[in-house]
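The values are calculated or read from the model by the stated rules, or taken from the named source; none is laboratory data. Just so it is clear, the model here is predicted, and its values are computed rather than measured. Glycine gets a Cβ as well: all are built from the backbone with ideal geometry, and neighbour counts include every protein chain shown.
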Amino acid sequence: MNYQERIKKLRKSKIYLDDYQTQEIIKCRNDIIYFVENYGVILHPKLGLTKIKLYPKQKEVLENLVSYPFNIILKCRQIGISTTIALFGAWTLTLIPSFYLGIVSRSNDEAVELGERIKRIIKNLPAFLWGGDFIVNNKKSFELMNGSKCVISAPIPDALRGETLNYVIMDEVASMRHVKQIFASAYFTVSQNFANLDELYSKKMREKPMGIALISTAGNLKDFWVKWFYKRWISAVNQNIDYSCGNIKWKAISIHWSEVPFCDSNWYESIKRNYGEDMELFEQEMELKFIGEEDVMKEESTYIARDFSKISNEIFSIPEFNWKDIKDNYNF
Ligand SMILES: Nc1ncnc2c1ncn2[C@@H]1O[C@H](COP(=O)(O)OP(=O)(O)O)[C@@H](O)[C@H]1O
Ligand SMILES: [Mg+2]
């Protein structure tokens, strides 16, 4: 799209907000859960496009993504976490002007699919929340009227290189052979936004969230990229500083199928049948168990805290966000 067309689109979309709409934008901006539960949609396999009712762990994931710069999420399959990520993406891009988001997943198709999910959520919002049209709308990138942009990449070594981003989401990390290089360039691009880590931790995340989120199921530790994720995970549950990875303090959250309301015992039995005799794979994909953990433990002489519930919620303070003059800031 050339410059003229761009200007035309922006002019056409001039939206005048009434008081109710202004209040709604403020409520959504201050509370991601309010935004999702009032405006978020999912594509349900049986019901089609429906409103989403979040379960508690999904809410916790959203709160963490908004509040902490470095998140690590260990999950089992098919429990709605990519959906949660897409909702976070839609919230940041629509409610924060000039927000730059990067998405990487385990394959090109899955990354594009995640981008499409974000777009689907945005397109189903009322126009006053997002402007009603995209300025740029491609498979690998899209841009909104408010200057926000999403860049989508396959898990290649130079993924996201050269971008300047506020937040990078890496989904299915334990399937990314080039995780080390991808993380390095993600870290480089988000770290341009702050002078040092202390500044980032003390920054008001809710004004403009920034950081990196790693999401994955468990995997087999014979693969070095699985081991890379596992090491981050262990430092997170032990609340250690991750010295071998940018001196980051990760915020951990694990989600087991038993914490997911739509995964009942019938669901569990049918999933288990699908795995047949392969109990090891079942435990890896559904029970958050890394294969070869014992060997790595010996190798590293690390104590592994299995009790995830001990993780403190108070690593960083969460200041209340107050968006004063919305009409000035919201440049549709
Ligand atoms: N809160 C929810 N209630 C009902 N269904 C949900 C919810 N969250 C996600 N889903 C559905 O669960 C399925 C799996 O979601 P997905 O996000 O792909 O899972 P994951 O990334 O954990 O494998 C999708 O069909 C999605 O629409
Ligand atoms: Mg997923």
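Give the residues of region 75-107 that are surrounded by fewer than 21 Cβ atoms within 10 Å (Cβ to Cβ), of a type outside the set (Gly, Ala, Ser) and within 13 Å of ligand 2 (Cβ to nearest atom), sorted by residue number.
Arg77, Gln78, Thr83, Arg106
From the list Lys222, Lys298, exactly one residue is surrounded by fewer than 17 Cβ atoms within 10 Å (Cβ to Cβ), more than 14 Å from Ile73 (Cα to Cα) and at pLDDT 90 or above. Which is it?
Just one listed residue meets the conditions, Lys222.
Name the single residue, out of those in region 19-50 being surrounded by fewer than 19 Cβ atoms within 10 Å (Cβ to Cβ) and among the hydroxyl-bearing types (Ser, Thr, Tyr), that is nearest to ligand 2 (Cβ to nearest atom).
Per the criteria, the residue is Thr50.
Can you confirm whether Ile79 is in a loop (DSSP other than H, G, I, E, B) and either under 20 Å from Trp267 (Cα atoms) or touching a Gly at 6+ places or on another chain (Cβ under 6 Å) (or both)?
It is true that Ile79 is in a loop (DSSP other than H, G, I, E, B) and either under 20 Å from Trp267 (Cα atoms) or touching a Gly at 6+ places or on another chain (Cβ under 6 Å) (or both).
Could you tell me which of the residues Leu114, Leu93 is among the hydrophobic types (A, V, I, L, M, F, W, C), assigned to a helix (DSSP H, G or I), farther than 16 Å from Val61 by Cβ and touching a helix residue (DSSP H, G or I) at 6+ places or on another chain (Cβ under 9 Å)?
When all the criteria are applied, what remains is Leu93.
Take the residues in region 260-293 that are under 20 Å from Ala236 (Cβ atoms) and of a type in the set (Asp, Glu), then tell me which one is modelled with the lowest pLDDT.
This residue is Glu293.
Among the residues of region 60-83, which ones are farther than 11 Å from Ile215 by Cα and near ligand 1 (Cβ under 10 Å from one of its atoms)?
Once the filter is applied, which keeps residues that are farther than 11 Å from Ile215 by Cα and near ligand 1 (Cβ under 10 Å from one of its atoms), region 60-83 yields Arg77, Gln78, Ile79, Gly80, Thr83.
What are the residues in region 29-41 that are under 16 Å from the mean Cα position of the chain (by Cα) and either within 9 Å of ligand 1 (Cβ to nearest atom) or within 18 Å of Leu114 (Cα to Cα) (or both), if any?
Across region 29-41, the qualifying residues are Val36, Gly40.
Of the numbered conditions (1) surrounded by 18 or more Cβ atoms within 10 Å (Cβ to Cβ); (2) without any contact (Cβ under 8 Å) to a residue 60 or more places away in the chain; (3) not in a helix (DSSP H, G or I), Ile72 fails exactly one; give the number of that condition.
With (1) surrounded by 18 or more Cβ atoms within 10 Å (Cβ to Cβ); (2) without any contact (Cβ under 8 Å) to a residue 60 or more places away in the chain; (3) not in a helix (DSSP H, G or I) applied to Ile72, the lone miss is (2).
Out of region 84-93, which residues are away from ligand 1 (no atom under 15 Å from the Cβ) and in contact (Cβ under 8 Å) with a residue 60 or more places away in the chain?
Trp91, Thr92
Can you pull out every residue in region 118-135 that is out of contact with any strand residue (DSSP E or B) (no Cβ under 8 Å at 6 or more places or on another chain) and at negative phi?
Lys123, Leu125, Pro126, Ala127, Phe128, Leu129, Asp133, listed by residue number.
Under 8 Å between Cβ atoms, which residue pairs at least 6 apart in sequence (or on different chains) link something in region 165-185 that is in a helix (DSSP H, G or I) with a partner that is among the aromatic types (Phe, Trp, Tyr) and within 16 Å of ligand 2 (Cβ to nearest atom)?
From region 165-185, the pairs are Val173/Phe229; Ala174/Phe229; Val179/Phe229.
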